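One structure below.
The values are calculated or read from the model by the stated rules, or taken from the named source; none is laboratory data. What you see is a predicted model, and the numbers here were worked out from it, not measured in a lab. Ideal geometry is used to build each Cβ from the backbone, glycine not excepted, and the neighbour counts take in all protein chains shown. SASA here: full protein model, heavy atoms, side chains in, ligands and nucleic acids out. Shrake-Rupley method; radii C 1.70, N 1.55, O 1.52, S 1.80 Å.
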Amino acid sequence: MNNILLVSVLTLSLLLGLFVWLSYKKLKGSQIPTGVLAVLLVFALINGAVSYFIAPKTGDDAYKQLVWQSLSPNAIPDQLAQGKTVFVDVSADWCNICKANKDRVLHQAVVVERLKDKDMVLMHGDLTQSDARIEAYLAQYQAYGVPFNIVYSQAHPDGLVLPRVLSIDDLLSALPPRG
């Protein structure tokens, strides 16, 4: 567990403990202002939210096992000719929807297992910094921002564009059945 998470969890425990103790004292007749209890509870909720977002996600390790190639649009037809399915993920570090797609979909075990199949080729385009080549690729699909996800397969050689906000069902249903 990293140090920031450890401090956050300890602080959360302290805040909740203090809230419970002061609530008990108030019930027993001590003069504890309700505002103090409310502020403690708000701080505990904020701290809990921060702890949640900095805690390592369960799917992170599995996701790291995936092998991503840099986006190369010219290589996609060759991959299709070999019977492969190509999943393209174009995202950016500053994109909140991209991060949500990763946490809620791409890092999930069922998705990672499917993307690890030998028939899958994974390509990633990083638009954290402007990249004219990736922007030209997106423009072909009238997509002018991130996230952008598309699946190329025998059934969809020109690509099947997925919704900006991914769901596990959207992604898995766009992929051909396992061979």
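Only lysines eight or more places from residue 84 in sequence, or on another chain, were considered; those with a Cα closer than 27 Å are 64, 99, 102, 116, 118.
Once you treat every alpha carbon in the stretch 59-127 as an equal point and sum by Debye, what is log10 I(q)/I(0) at q = 0.14, 0.17, 0.26, 0.28 Å⁻¹? Taken in order of the listed q values, log10 I(q)/I(0) reads -0.43, -0.63, -1.23, -1.30.
Accessible surface computed residue by residue for the chain, with neighbouring protein chains in place and a 1.4 Å probe, gives 60 Å² per residue.
A simple packing score, the average count of other Cβ atoms within 10 Å per residue, orders the peptides 72-80, 90-98 as 90-98, 72-80, with the highest score first. A quarter of the convex hull surface defined by the alpha-carbon atoms of the stretch 91-179 gives 5.8 nm² as the mean projection.
Volume per residue of the convex hull around the Cα atoms, evaluated for the chain, comes out as 150 Å³.
To the nearest 20 debye, what charge dipole does the stretch 44-179 have about its Cα centre, counting +1 at the Cβ of each Lys and Arg and -1 at the Cβ of each Asp and Glu? Walk me through the numbers on the way to the answer.
Details: 12 positive and 15 negative charges, 43 e Å.
Roughly 200 debye for the stretch 44-179.
Give the longest segment of the chain that steers clear of trypsin sites (Lys or Arg not before Pro) in DSSP loops with at most 11 neighbouring Cβ atoms within 10 Å, not counting the sites themselves. Result, exposed sites excluded: 29-117. Projecting label points 7 angstrom from Cα along Cα→Cβ for residue 142 and residue 96 puts them 2.7 nm apart.
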